Structure formats: structure tokens, C-alpha cells
Amino acid sequence: MHQLLENKFYCLLGIAALGVVAFRNWPPQVTAQAPKTIKGGWRLVWHDEFDEDGSLDSEKWDFEKGFVRNYEEQWYTPENAFQRDGKLVIEARKAAFPCPAYREDESNWRTSREWVEWTSASVITKGKYSFLYGRVEVCARIPVCKGAWPAIWLLGSDLPWPANGEVDMLEYYQHQGKPTILANACWAGDTEEDTQWDSSYTPLTHFTDRDPAWATRFHVWRMDWDADFIRLYLDDELLNQVDLKRTINGKARGTGINPFHSPQYLLLNLALDTRVKQFNPADFPMRYEIDYVRVYQKVGK
């Protein structure tokens, strides 16, 4: 998702909030406790249910900090991620404080901004947990208001991006003028500018036409990953199938390596569109809520 080249696209546009529904109207996949095994021979190997109010489990999660990628507006800080009422809450907030990374006369966008105007959070398992092959399920309610860019994604840690491989179980932003749910994978091409993408674009209306209250509900994003394919689902609907015979790095970096045959770690973050200069104050604090993250692997594998 986010590890785009810094001159790549940064389009986002949300839609208005669509009302409130009770938690009993969540999709049927939501359960109070993580099942130890599920149909198909899957065994639970790692999870977080976010049941305790307060800080995240430091044995499972770390944080990205500062201005990180894509010229985005938000300054990432751990204070914007917390557990409440059985959920992980990632908040984007209006801010106004001197940028700790500011350096006078520097041109790098990460250090040339004098002020931090927006904050958010990005939580990651890098250095804590990574895995090779399996099923990932993330139950979440995403913000779809103007400027929201929530994501559920994975990266390898053995090589620099994009040769390390990236999987976007979820991205939400505007594509060709329409609010869109994306499911992607990328790897290195033959030049630095030639990142290879396998992307699917599903207009948000595909879901909201069937359920006008879609944006008020929790939904389950799922990845099934084996040695042959990565399959990405939303509420059991297949959005993208990536054939791993195609995902061989080109000449730019990691030549000849298939990054999706190596372990990857998880990232959950809420970014803000760099081009949206007039966010609606009523949308803040903007909330991205995650009910659980579960990783399964095949029994005996």
C-alpha cells in the first residue's frame, strides 16, 4: 500500500458518514473469542483481541514515528493508538506543535516542515512477529470521510522496498474520482521507477449499494497465502488473486528473488491524503477501529 514511490499517486476522497448501527449487526464472522482452529485445517498461531483498555501489548506491536512516507500530512505518534472497549483505536487528530524533526534549510520533506498540523498512528509487528504463509483475518471498521487512508498491509524485512514485497489487504482512497477499496501486491521491476503492481479496484458503491449502512459496520478482511497464490477477501468476497509465479523481482533490486516466499510482518495505519488541505473539522478525531487481528497456519505445516 503505502510503500509507494514518493511521486506515485496520493489520491483519496471519502464519503459522508452513513449513520450508526448496533454491534449486534456486525457481520457473522465476528466472534467474542478467537477460535483455536477453524474449518480447512487452520490453527491459530498469533492474534490480538485488544481486550484490555490502555496501551497496546509491547511484546506484539511497535510503532512508526514521525513523517514516514508518501509526503503524507500526518505525524505518526504512539499516543494516537490505544485499546478501548475491546478495540484497537487509531485516531487522526488536528495538531499544532513545532516539528521535532525540523531542520532549517533542508529540502527533505520529512525535515523541512516547521509545524506538525495532523497526527495519527501506525502500528507494526516488525521485529516482534513475522510469518511465512498462512491466513490473516482482520476485523475492522474504517473511516470513509474526506482524506482518510486506512490500511491493512504486510512487508518483508529482508530487502528494501519494493524488493521486499508488499501486500495490501486493505487500502481505501479515491481512484479515478471514486472512493475505492483496493487489494494489492507489489515487487521490484527492472528499474527503480518500474515497481510491479497487481492491484484490484472495487468502488465503494459495490458495497454501499447493497448495504447503505456499510461504512458504519465492522468487516472482515482476509488474506490466504501459500506458496502458489495470495488471495485477498473482504467479507468472504474474493477481491484479488495474485499468482506467485509472476512475482519475481527484476533487475532493480533483489534480482531473481520472489519476496513472497519469505516472512512478512503486519502494519495497521491511518494516513491522511497529502493533497487534501481543507479537511472537515467535524471528521476529527477520525477513527479507525480494529476488533481483532488473527493469524492462522495449516495444521502440520
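The values are calculated or read from the model by the stated rules, or taken from the named source; none is laboratory data. Everything numeric here is computed off the predicted structure, so don't read it as measured data. Every residue, glycine as well, gets a Cβ built from its backbone with ideal geometry; the counts of neighbours run over all protein chains shown.
A few points about this structure:
- Residues in the stretch 57-80 that are over 17 Å from Ala92 (Cβ atoms) and either part of a strand (DSSP E or B) or touching a residue at least 24 places away in the same chain (Cβ under 8 Å) (or both): Glu59, Lys60, Trp61, Asp62.
- Test set (1) modelled with pLDDT under 50; (2) assigned to a loop (DSSP other than H, G, I, E, B) - Pro35 fails condition number: (1)
- Top-ranked residue of the stretch 39-56 - restricted to ones that are within 18 Å of the chain's Cα centre (by Cα) and not in a strand (DSSP E or B), ranked as nearest to Arg294 (Cα to Cα): Glu49
- From the options Asn240, Asn249, Asn269, residue that is of a type outside the set (Ser, Thr, Tyr), within 18 Å of Pro143 (Cβ to Cβ) and buried (at least 21 other Cβ atoms within 10 Å of the Cβ): Asn269
This table checks each residue for (1) over 22 Å from Leu155 (Cα atoms); (2) touching a strand residue (DSSP E or B) at 6+ places or on another chain (Cβ under 9 Å); (3) of a type in the set (Gly, Ala, Ser).
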position	(1), (2), (3)
Pro212	yes, no, no
Trp221	no, yes, no
Trp225	no, yes, no
Asp236	yes, yes, no
Leu244	no, yes, no
Asn269	no, yes, no
Leu272	no, yes, no
Arg287	yes, yes, no
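- The stretch 277-299, subset among the hydrophobic types (A, V, I, L, M, F, W, C) and surrounded by fewer than 20 Cβ atoms within 10 Å (Cβ to Cβ), residue farthest from Arg69 (Cα to Cα): Val299
- Residues that are in a strand (DSSP E or B) and in contact with a Cys (Cβ under 6 Å, 6 or more places away or on another chain) within the stretch 260-294 comprise Asp291, Tyr292, listed in sequence order.
- Pick from the stretch 59-108, criterion charged (D, E, K, R) and touching a Lys or Arg at 6+ places or on another chain (Cβ under 8 Å), ranking: surrounded by the most Cβ atoms within 10 Å (Cβ to Cβ): Glu91
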